[in-house]
Amino acid sequence: MKDLLAKFTAVGRQHAELLAQVGSDPLGVRMDRVIGPTEAEIEGRRCVLLGSNNYLGLTFEPTALEGAHVALDAAGTGTTGSRVANGSYSMHQDLERQLAAFFRRRHALLFSTGYQANVGMLSAIAGRDDTVLIDSDCHASIYDGCKLSDATVQRFRHNDPENLDRRLARLQAPGNALVVIEGIYSMLGDRAPVREIAEVTRRHGAYLMVDEAHSLGVTGPGARGVAAEAGVADKVDFIVGTFSKSVGTIGGFCAADHDALEAIRLSARAYLFTASLPPAVVASARCTLERMRTDPGLRDRLWANAEIVYDGLARMGFELGPEKTPVIAVRMPDTQTGLATWRDLLDAGVYVNLALPPATPNGNCLLRCSVCAAHSADQLDHVLAAFARVADAPDWRGTAAE
Amino acid sequence: MTENTVGTPTPERREIVEAVCAELEKHNTTGIQLHEETDVTGELAIDSVAVMDLMFELEERFDIAVPLNQLGSVRTIGQIADLVRSQAKSGGQQTE
């Protein structure tokens, strides 16, 4: 009998090599104690969290904690059912109405994660005769949703409306075309040129889906994301996103004006065949969404902090992502340096995400930093001092040593 | 447009193989000689994203659009060349 699991041998070997090089597992970091939205104890050391995606620091928002406690006591720990069976509580529908109003859309659907929102929506709406065109830097959930659809899938060059234009112009498939982009891209932190892409998409009569996972709560009027920031939210057919970043909990959604969204409830398998969000999660999302909508000061603090970190790292000579946003990618010259630098930062009490290819664009090893509105000035001083020590070390092999 | 109505002759397979090899040589850290039977992800240890990026170059060079759906079964340089050629023959766009 052949070995069913032989295909994992190479991955296992690569992981073992990673462990040997770093001395601990960068893909298995354990937070022993969460001290707050910006700090946790790791390996017995207090660390500033500079890789949490917790952009607004709302994981300990007092109204959300209180709302979650009340919901937990009133409705229990879980719904134990699908939205189309026993898993629809009034609070789920309230949250959908709140989301629809937040995005100024007629309809909103809740999913149990952001991953499922993309997989559920794409696999449901893209049919056999249709073509989905996705930005090359799109998240794995978008690729997976496409794979589960019966559609023809094309990948266009990242943030390149001309490349998209050429592809749309030559389409011969009899069905519809759907363009999928993200608001802020999760690895390099750059924004999509939504206005230009929306224009191209409209001109070719295609539909547009924007995943605002990293931009909801982060930018735009009413914290509605990059499409709203660019003034073209009305050109977006489907807004998808997640609660696991700025909203500070877990869950996913799609908001749209298309009335068919209600029928998609009965078609999207990632919606139908899974349990709905637990009451405490729904309650906390309702509170943090309201907080981010009504408190633009959160975004002001977030962007001020992003500027401090981006400018500080740029001054040290680190090679950064192309745009100053709360997602700051620090490019490492090679994987070995990336691993050593990641470990040095952790030893200095700074946690960042280690991002390795193929999850990163262009085969780069990145130290992916995400800034939080709740980072204090002292914490950011600490972060920048840690990076400065890395850059000044005699054995540092990156560009920042110059 | 189901045939090459723009008048561009379908490129010779040899020309495509050479173009694929030239692109892959930029990522070839193994030092092995590239040929039609070379397994791109196996022998060259080039990941799936790099293969997709390679297609951008080939799409522009040969004025075609290759659906991602068709990349899954492609392993060797020769198979990539066949895929490119089939797209060029069909006028650059072939649905799944």
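Coordinate-derived values only; no laboratory data. Fair warning: this is a prediction, and the values are worked out from it, not measured in the lab. With ideal geometry, Cβ positions are generated from the backbone for all residues, glycine too; neighbour counts draw on all protein chains shown.
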Charge tally in the Cβ shell below 14 Å around A:SER276, where Lys, Arg are +1 and Asp, Glu are -1, A:SER276 excluded: 0
Residue exposure sequence - A:GLU66, A:GLU212, A:GLU323 - by fewest surrounding Cβ within 10 Å: A:GLU66, A:GLU323, A:GLU212
Furthest towards positive pole of dipole, A:LEU58, A:CYS146, A:ILE308, structure part chain A, Cβ charges: A:CYS146
Relative contact order, percent, chain A [alpha-carbon distance under 8 Å, six or more residues apart]: 22 percent
Burial ordering of B:ILE16, A:ILE42, fewest other beta-carbon atoms within 10 Å first: A:ILE42, B:ILE16
Residue-by-residue Karplus 3J(HN,Hα) for the stretch A:300-305, coefficients 6.51, -1.76, 1.60, Hz, glycine and proline x: 4, 5, 4, 5, 5, 5
Between 0 and 90°, nearest 10: helix A:279-294 axis offset from chain A longest Cα axis: 80 degrees
Eligible aspartates and glutamates near B:LYS89 by straight Cα distance, threshold 19 Å, same-chain separation 8 or greater: B:GLU3, B:GLU12, B:GLU15, B:GLU18, B:GLU57, B:GLU59, B:GLU60, B:ASP63
Total formal charge among the other residues, if their Cβ is under 14 angstrom from that of A:ASP25, Lys/Arg +1 and Asp/Glu -1: 0
Student exercise, the protein assembly as shown dipole from Lys, Arg, Asp, Glu Cβ charges, in Debye to nearest 20: 1060 debye
Structure-based [θ]222 nm, chain B - -39500 (n - 2.57) summed over DSSP H runs of at least 4, per residue, nearest 500: -13500 deg cm²/dmol
Highest-fluctuation residue, A:ARG170, A:ARG265, A:ARG157 considered, GNM on chain A with Cα pairs under 10 Å: A:ARG170
Charge-dipole axis of the stretch B:30-89 as Lys and Arg at +1 and Asp and Glu at -1 on Cβ define it, positive-most pick from B:VAL74, B:THR41, B:GLN87: B:GLN87
Listed residues A:ALA151, A:ALA391, A:ALA85, most fluctuating in chain A (Gaussian network, C-alpha, under 10 Å): A:ALA85
Under the Karplus curve 6.51 cos²θ - 1.76 cosθ + 1.60, θ = phi - 60°, whole-Hz ³J(HN,Hα) for the stretch A:8-23, x wherever Gly or Pro sits: 8, 4, 5, 5, x, 5, 4, 5, 4, 5, 4, 4, 5, 6, 8, x
Candidate lysines - alpha carbon under 30 Å from A:LYS2, same-chain residues fewer than 8 apart omitted: A:LYS147
Charge context of A:ILE264, other residues only, Cβ under 15 angstrom, K/R +1, D/E -1: -1
Proxy reagent accessibility, fewest Cβ within 10 Å first, across B:SER48, B:SER73: B:SER73, B:SER48
